[in-house]
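Okay, so here's the structure we're looking at.
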Amino acid sequence: MIKPSRPDVERLAHSTLAAEYDFIVCGSGSSGSVVARRLAENPDISVLLVEAGTHDATSSVMDPALWPTNLGTERDWAFRSEPNPHINDRTLPMSMGKVLGGGSSINVMAWARGHRSDWDFYAAEAADPDPSGRQARSVDPSGQRRDHIHAIRDKHRRELSRLSRTA
């Protein structure tokens, strides 16, 4: 894999920075990247996306089999939970990505859509005016554009699913 040199990265960053921006999004993880992209759809505003970590052009990010090698490295913020009395006051690691792509870059890009009841709860908390009971669709309208489930069968005739992403 080609790794950009530090001077190349710094030169590129400084050569393209503007004096000011309408919006600055901190963190290029899944959420930050989506927020920045959606804001940037408006050609009348300027958006800066900043990331505290480094690039993701490394084999431990690009090869899903190597994901555990990211944990506890410079690509991991190394957060820990508070001591929990239910587990003998132990703390648990809460690995979060400090790299382009955030947690999705260090956790095998595992992703699961929230359960419909979660989306309905968020909509209710936000006082979503949709009286139809379809709050999940109004809170996450991009979900159906984003995903298509393709069912395939194995030799034992069990349904398996494969998720394909669309842009």
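The values are calculated or read from the model by the stated rules, or taken from the named source; none is laboratory data. Just so we're clear, the structure is a prediction, and the values are computed from it rather than from any experiment. Glycine gets a Cβ as well: all are built from the backbone with ideal geometry, and neighbour counts include every protein chain shown. These accessible areas exclude ligands, DNA and RNA; they are computed on the full protein's heavy atoms, side chains included. Shrake-Rupley method; radii C 1.70, N 1.55, O 1.52, S 1.80 Å.
The numbered conditions (1) in contact with a Gly (Cβ under 6 Å, 6 or more places away or on another chain); (2) modelled with pLDDT under 90 are all true for residue 62 except (1). Being under 15 Å from the mean Cα position of the chain (by Cα) and either open to solvent by less than 50 Å² (accessible area, probe 1.4 Å) or touching a residue at least 60 places away in the same chain (Cβ under 8 Å) (or both) is the filter here, so list the residues in the stretch 32-50 that pass it. If the condition is that a residue be under 15 Å from the mean Cα position of the chain (by Cα) and either open to solvent by less than 50 Å² (accessible area, probe 1.4 Å) or touching a residue at least 60 places away in the same chain (Cβ under 8 Å) (or both), then 32, 33, 36 are the ones that fit. Exactly one residue among 95, 142, 105 is at pLDDT below 80, of a type in the set (Gly, Ala, Ser) and open to solvent by less than 80 Å² (accessible area, probe 1.4 Å), and that residue is 142. For the stretch 110-123, the criterion of being loosely packed, with under 15 Cβ neighbours inside 10 Å, more than 24 Å from the chain's Cα centre (by Cα) and modelled with pLDDT of 55 or more is met by no residue. If you go through the stretch 51-72 and keep only what is within 13 Å of residue 106 (Cβ to Cβ), part of a loop (DSSP other than H, G, I, E, B), touching a residue at least 24 places away in the same chain (Cβ under 8 Å) and open to solvent by 60 Å² or more (accessible area, probe 1.4 Å), you end up with just 71.
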